[in-house]
Amino acid sequence: MDSAFTDIAQVAAEKEGMPFARRVIIPHEVQEENAKAKAKAAVREIIDALTRPLAEKEKEEGVIKLEEHARIAIRGTLSDIQEFFQKSRWTDGLPIIPPTEKNVREMLRGTSHSPDEIVVEKFLPEPWKVTVEKVAINGVMAGCKPEQMPILLAMVEALSKGPFGASARSTTSFTFMAVVNGPAAVRAGMNSGINALGPGNPANASVGRALTLFLTNLGGSWPGLNDTSSIGNPTKYSFAFAENEGRSPWDPFHVGQGFKKNESTVSVFVGGWYLNSPGWVTGKDVLYDICRELKYVPLPWGATVIFDPTTARLLSEAGFSKKDIQRFLWENTTMPAREFRKGWGYDVLVVPSIKGGIYGKKTWPESYLTASEDTLLKVYINPDAINILVVGGETYLHYEVWKMAFPTTVSVDKWN
Amino acid sequence: MKREKFFSIFWGLFLVTLMVLPLRAQEPVYEALNPRGIPPGIKTTPLSPRLADLRNKVVYNINIGKPAADLLCPELERALKEAIPEVNIVYRKKQLSFLTDEPNLWKEVAEKGSAAIISIAD
């Protein structure tokens, strides 16, 4: 095993009930010029792992508790609590609001659901059980307010329903984006206007931060330990905002996901990279620009284009509905098969997803595997793989293309 | 004289302690709740008994589909053969990807193999 996976393998082995599974670690990274030497250096240890008689602990059968789970984590001063939480890896590195009984009780006022109610039986990556109270505790730590509590509960539900488990710990530095639609966004005080994706708004900042704490504390994904993101991603700190429904010429995002306009939802996306944002062009020109950028989204299972309301309105006035734009972008984002096949992850992920489906999603047609090198292929699976959002403060003819896919939308209202 | 000096130092320290303690006690103490999800009890599976040696045994060499395992697995096979020429090695790469489970592969290993090496390399 490559040493990059040492910690994550131990966690996985424990989860599968084989905490003492034998492993031989090969120093990262294996390349053509060193593979032979690394294999030779490891072979004695491999033979030993296959032939050395089992120790008593390796023969044990039964049920283990991975840790004692006390409801009260620590009793101490505010600085004791900060230090304890930091040392326990229960934070994102920033100071937290201590989740005292009083603070958590206050947060629980934001929902009618009982503190003991189970939100998710198995949250990923670890199969840990999550109750309403656990969500409130992490919400308090992130700085959230009771009016944001239904959004937090919905976010946990969405994270558990989407194909997100493996991404949380990927060496590729994936991240998650939460988009809130409907009246709940207003009630929660979320920003959909100027700098909605940036700092400044307490609701956006704390709701996004809570998502990160959920992955850490409810999903057991510790940055730097078993979250093995090689470079990391700044949006992992906090990435939540509302759609600017009031200034959008089109139906809000959640309507396209099958919800009513007056319903409140949260949509969680996975991905992570922001590609480009030129301005000053409108109509079809802006769409052709976007096609150029969409081409180079790695693993093009999906992407998200975020339009400033001004850009969206100009497109609408030029006659484009949201569906028209999705279709235009899908039809015009093409590349020769030879180039498509050179894309990152083609052999490892794209081909398998054509052959058998990954994440249970329908992907590109099988003809993509046999098309001649010069055949122009549509990069995206279908028009719906290109998500459209309208966000921003109308200070610039702006758009952003994000590698953000697989939106999973759930109702916030049910968590009121 | 020495005795008097000792007692004056002792009483001095005692008074300082009395003055400092209330300051420390004034700092409020809180109980913070545990933010972590509740882990289930996990059923453990014992490891399979080990082989006395690998000669004339079938050892599966499995590539789960992480890219660098394509380089590592053939070299492992060569190195193992060099160390134990009598070993029989069966190479298998997961048909889809490292993201998908392939129960048929594990069934084959259980039925036909004596041991397995599962390679994960990026």
Within segment A:296-314, the count of residues that are crowded, with 19+ Cβ neighbours inside 10 Å and touching a strand residue (DSSP E or B) at 6+ places or on another chain (Cβ under 7 Å) comes to 12
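Any idea which residue in segment A:367-400 is surrounded by the most Cβ atoms within 10 Å (Cβ to Cβ), counting only those that are assigned to a strand (DSSP E or B) and modelled with pLDDT under 95? Write out each step before concluding.
From segment A:367-400, those assigned to a strand (DSSP E or B) are A:376-378, A:386-390, A:399-400; that's our starting set.
Restricting the remaining residues to those that are modelled with pLDDT under 95 gives A:399-400.
Details: A:Tyr399: 27, A:Glu400: 20.
Looking at the filtered set, the residue picked out is A:Tyr399.
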Wholly within segment A:170-281, which helices (runs of 4 or more DSSP H) include no fewer than the required count, namely at least 1 residues that are within 14 Å of another protein chain (Cβ to nearest Cβ)? A:202-213
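Do we find a residue being of a type in the set (Phe, Trp, Tyr), under 21 Å from A:Gly356 (Cβ atoms) and at pLDDT below 95 anywhere in segment B:83-99?
So in segment B:83-99, the residues of a type in the set (Phe, Trp, Tyr) come out as B:91, B:98.
Narrowing further to those that are under 21 Å from A:Gly356 (Cβ atoms): B:91, B:98.
Remaining after also requiring at pLDDT below 95: B:98.
Within segment B:83-99, one or more residues are of a type in the set (Phe, Trp, Tyr), under 21 Å from A:Gly356 (Cβ atoms) and at pLDDT below 95.
Quick one: count up the residues across segment B:107-122 that are within 12 Å of chain A (Cβ to nearest Cβ) and out of contact with any Asp or Glu (no Cβ under 8 Å at 6 or more places or on another chain).
We begin by selecting, within segment B:107-122, every residue within 12 Å of chain A (Cβ to nearest Cβ); these are B:113-122.
Subset that is out of contact with any Asp or Glu (no Cβ under 8 Å at 6 or more places or on another chain): B:113-119.
The qualifying residues number 7.
Please state which one of A:Thr77, A:Thr91, A:Thr100 is at pLDDT 95 or above, farther than 23 Å from B:Pro39 by Cα and of a type in the set (Val, Ile, Thr).
A:Thr77
Applying the selection to segment A:24-45, what residues are of a type in the set (Asp, Glu) and either over 16 Å from B:Ala69 (Cβ atoms) or buried (at least 18 other Cβ atoms within 10 Å of the Cβ) (or both)?
Start the filter on segment A:24-45 by keeping residues that are of a type in the set (Asp, Glu), which leaves A:29, A:32-33, A:45.
Listed by number, the residues that qualify are A:Glu33, A:Glu45.
Might you let me know whether segment A:124-133 holds any residue that is among the hydroxyl-bearing types (Ser, Thr, Tyr), within 18 Å of the chain's Cα centre (by Cα) and surrounded by fewer than 23 Cβ atoms within 10 Å (Cβ to Cβ)? I'd like the intermediate steps shown before the answer.
Of segment A:124-133, the ones among the hydroxyl-bearing types (Ser, Thr, Tyr) are A:131.
From what's left, within 18 Å of the chain's Cα centre (by Cα): none.
Taking every residue of segment A:124-133 in turn, none turns out to be among the hydroxyl-bearing types (Ser, Thr, Tyr), within 18 Å of the chain's Cα centre (by Cα) and surrounded by fewer than 23 Cβ atoms within 10 Å (Cβ to Cβ).
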Selected residue [basic (Lys, Arg), touching a Gly at 6+ places or on another chain (Cβ under 8 Å) and assigned by TED's automatic domain parsing to the domain that holds A:Asn195] from A:Lys284, A:Lys236, A:Lys261: A:Lys261
Any idea which of (1) under 23 Å from A:Glu58 (Cβ atoms); (2) within 24 Å of the chain's Cα centre (by Cα); (3) at the interface with chain A (Cβ under 8 Å from one of its Cβ atoms) is the one B:Asn61 doesn't satisfy? (3)
When segment A:184-233 is examined, which residues are found to be farther than 19 Å from A:Val412 by Cβ and either outside the structural domain of A:Pro252 (by TED's automatic domain parsing) or in contact with a Gly (Cβ under 8 Å, 6 or more places away or on another chain) (or both)? A:Gly193, A:Ile194, A:Asn195, A:Asn217, A:Gly219, A:Gly220, A:Pro223, A:Asn226, A:Asn233
Which of the residues belonging to segment B:43-58 are more than 7 Å from every other protein chain (Cβ to nearest Cβ), closer than 16 Å to B:Lys81 by Cβ and either surrounded by 13 or more Cβ atoms within 10 Å (Cβ to Cβ) or modelled with pLDDT under 95 (or both)? B:Lys57, B:Val58
For segment A:157-194, give me the residue count where each residue is at pLDDT below 90, over 18 Å from A:Trp128 (Cβ atoms) and out of contact with any helix residue (DSSP H, G or I) (no Cβ under 6 Å at 6 or more places or on another chain). 5
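The values are calculated or read from the model by the stated rules, or taken from the named source; none is laboratory data. Everything quoted here is computed from the prediction, not taken from an experiment. Here the Cβ is made from the backbone with ideal geometry for all residues, glycine too, and neighbour counts use every protein chain on show.
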